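The values are calculated or read from the model by the stated rules, or taken from the named source; none is laboratory data. This structure is a prediction, so every number in the text was calculated from the model and none was measured. For neighbour counting, all protein chains shown are included, and Cβ atoms are generated from backbone atoms with ideal geometry for every residue, glycine included. Areas reflect the complete protein model, heavy atoms only, side chains present, ligands, DNA and RNA absent. Shrake-Rupley method; radii C 1.70, N 1.55, O 1.52, S 1.80 Å.
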Amino acid sequence: MAAATDRTMVKTVAVIGSGISGLGAIKACLEEGLEPTCFERSNDIGGLWRFTEEVEEGRASIYKSLVSNASKEIMCLSDFPMPDDFPNFLPNHKYFEYIKLYAEHFKLLQYIKFKTTVCRLEKHSDFPVTGQWLVTTENNGEKKTDIFDAVMVCTGQHAQPVAAMNTLPGIEKFKGQIIHCQEYKRPIGFDGKRVLIIGMGNTGVDFSTELCTRASQVYLSSRQGVWVIQRCKNGGLPYDLDFICRYNNWISTIMPPAVSRWMLKKAMNAQFDHELYNIQPEGSAWKEPLVNEELPSRILSGSIMVKPHVSRFTENSVHFADGSVVDNLDIVLLATGYDYSFPFLDESIVKKDENKGSFYKKIIPLGIEKPTIAFIAFILPIGPTMVIAELQSRWATKLFKGLHKLPDTEGIKKEMLKDEQLRKKWFATAENNFRRTNYITYMDDLSADIGVNVNIWKLFLTDPVLAWKVVFGPCNPYQFRLTGRGKWDGAREAILTQWDRIEKPLRTRGLKQNPKSHLESLITWILCFGILLLAIILRW
């Protein structure tokens, strides 16, 4: 792999897809003086977050009741806070509104060609020298090929539904209705039905808690179990304000992995006993929690029955691994997820490998002669993907400009090995999880490469109030606009005023707020700081 692109070579950039990742890519190009052209196959921006009543081929599909799993101060982009009256967790139409506000504010729409499908993306004949790409598109039946200096692929990782039919013995015999989650839009047609949902990810659990109010019985089948976390924690605040925090991340990183996983398990079971509810994950491998507050109460009421994995189907029944049987089953809903694919791209450019990895930094394809193509948001962090996508785009455009370099082949191998070792540490396995990563660690790694990382110790000396917020408060995106190229003058103010935006949508009755005890807050922070210092000393 070449160590870097020529500093003066890259000028024009093709961006494929105008979801939130594509919009962030357009903006990152403009910040570096590049000329982006975005190709969007549909007639509007928004990607995954634009709800439609119809299923569109090759496009991720969401359901009407979808609500974000991350809160607004964690999932907003780094130089554009969400309006203070927006709710903390956003219904999909509200986040789509934010996307439109973002595109309008930064004047991004003029760079997008709608109803234009990318049919083919291939290397130019002199690619080893120039790194250029041939992009063939189709609009209204007319095909056209253009040359670009670089490409950013922002098509998302939820476009190709995975039905997993081969893992369901006898499913071809079943005479009831079989639906993939891509087809589900509203809880219509389920009244009085006996419904089996296969898959206990966020989507499957959302479906189960919605449908159990209409169906006669909902069965939720899981092979591995899952940890469940509620959106509302710590006195009613969003859970991720504490979950995605530098201080907590440091503590969990310093501790031995087994201890860290034990603490997480204890925290999860403090909400309700996952083993009692028959959904505790098996083995030592760590699976990120799903976000849902209704599941425990629905299980308690019996409207959702948790079952193990399916052993086989018959014409009107399903048999489970524990020997139990459900007869007169009406509907099977496959919440078995999605996979990513690049139908416009030759397979030799990206060799998918979920164990060892396909991309350097999860962005640049391994082994490519010139790093002039970036794959944005093909990652599964324990945190908001859209925020990582924005920083990935900033990283990629600076690479295109020659403002930072890739290591040599040996250096890349060492980085890939390091990533594999970290995945083993974080998740107790490195099998089939290359896209998974620790959110804060990955963000800090990318930001350090391009000089926009926060020097915590220096910040404590120069701006202790801000440093305190950065370390002990939520690790929100504004932190990556405090310094370096692309610095945003409003970043400090956004961090200091974040609690106003968190509290405003909750205070709709106009009641006066009771003043908090400053002494109590001070004692709490002193204890936290003391624990951090003790952990560092013990680590040394």
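Bridge orientation summary for the chain: considering DSSP beta bridges with both residues in this region, about 45 percent are antiparallel. Each of HIS319, GLY283, ALA494 was placed along the dipole of the chain (beta-carbon charges, centred on the mean Cα), and the one lying farthest toward the positive end is ALA494. Computed packing ranks the peptides 13-25, 60-72 as 13-25, 60-72, most packed first, by mean other Cβ atoms within 10 Å.
Across the chain, C-alpha contacts under 8 Å between residues 6 or more apart give a mean separation that, scaled by the residue count, equals a relative contact order of 21 percent. Of the solvent-accessible surface of the chain, computed with a 1.4 Å probe and all protein chains present, 53% belongs to carbon and sulfur.
From the square roots a ≥ b ≥ c of the eigenvalues of the alpha-carbon gyration tensor of the stretch 352-447, which class results: rounded (a/c under 1.5), prolate (a/b over b/c), or oblate? Cα axes put the stretch 352-447 in the oblate bin.
Applying both filters, DSSP loop and at most 14 other Cβ atoms within 10 Å, to the trypsin sites (Lys or Arg not before Pro) of the stretch 282-390 gives LYS351, LYS352, LYS356.
How about LYS469: which lysines have a C-alpha closer than 26 Å to its C-alpha, ignoring those fewer than 8 places off in the same chain? In chain and number order, the partners are LYS72, LYS233, LYS458, LYS487, LYS504, LYS512, LYS516. Packing-based ranking of 129-136, 215-222, 246-253, 278-285 yields 215-222, 129-136, 246-253, 278-285, ordered from highest to lowest mean Cβ neighbour count within 10 Å. Using Cα positions and a limit of under 18 Å, work out the lysines in reach of LYS418, with same-chain residues fewer than 8 apart set aside. Candidates past the 8-residue exclusion: LYS356, LYS361, LYS362. Entry comment: accessible area of the chain is 46 Å² per residue, from protein heavy atoms only and a probe of 1.4 Å. In order along the stretch 316-327, phi translates into HN-Hα couplings of 9, 9, 9, 10, 10, 5, 8, x, 6, 9, 10, 9 Hz, rounded to whole numbers, per the Karplus curve 6.51 cos²θ - 1.76 cosθ + 1.60 with θ = phi - 60° and x for Gly and Pro.
Remark on the stretch 170-328: hydrodynamic radius 17.3 angstrom, per the Kirkwood mean of 1/r across alpha carbon pairs. Sorted into 20 angstrom bins from 0, the C-alpha pair distances of the chain split as 20, 54, 25, 1 percent. If you look at the Cα atoms of the stretch 256-401, you get an Rg and a Dmax of 21.2, 62 Å. Among 256-266, 427-437, 36-46, the peptide with the highest mean count of other Cβ atoms within 10 Å heads the list, and the full ranking is 36-46, 427-437, 256-266.
Taken about its Cα centre, the stretch 181-230 carries a charge dipole of about 100 debye when Lys and Arg each add +1 at the Cβ and Asp and Glu each add -1 at the Cβ. The GluC sites (Glu not before Pro) of the stretch 302-397 that DSSP puts in a loop, and whose beta carbon has at most 11 other beta carbons within 10 Å, are GLU315, GLU347. The overall shape of the stretch 60-184 is oblate: from the C-alpha gyration tensor, with semi-axes ordered a ≥ b ≥ c, the ratio a/c is 1.5 or greater and a/b is no larger than b/c. Could you tell me whether the stretch 121-212 comes out rounded, prolate or oblate from its Cα gyration tensor? Rule is a ≥ b ≥ c as square roots of the eigenvalues, rounded for a/c under 1.5, then prolate if a/b exceeds b/c, otherwise oblate. Verdict is prolate for the stretch 121-212. Counting only aspartates and glutamates at least 8 places from LYS115 when in the same chain, those with an alpha carbon closer than 18 Å to its own are GLU40, ASP44, GLU54, GLU56, GLU57, GLU138, GLU142, ASP146.
A straight chain from ILE188 to GLU35 at 0.36 nm per residue would run longer than the Cα-Cα distance by 50.5 nm. Label-to-label distance for LEU109 and ASP353 is 4.5 nm, based on points extended 7 Å past Cα in the beta-carbon direction. Projecting the Cα atoms of VAL259, THR397, LEU461 onto the charge dipole of the chain, computed from C-beta unit charges around the Cα centre, puts LEU461 farthest toward the positive end.
A dipole drawn for the chain from +1 and -1 charges on Cβ atoms has a positive end, and of LEU446, ASN139, PHE342 the residue lying farthest that way is LEU446. Under a model in which nothing but the beta-carbon of Lys, Arg (+1) and Asp, Glu (-1) is charged, the chain shows a dipole of about 820 debye around its Cα centre. Between amide H atoms placed 1.01 Å from N, distances below 5 Å from MET152 occur with ALA14, VAL15, ILE16, ALA374, all of them 5 or more places distant or on a separate chain. Membrane-span-like helices of the chain, defined as complete DSSP H segments with a Cα extent of 18 Å or more along the helix axis and a mean Kyte hydropathy of at least -0.5, are identified as 257-271, 385-400, 518-539.
Here the contact order of the stretch 214-320, divided by its residue count and restricted to Cα pairs under 8 Å and six or more residues apart, works out to 45 percent.
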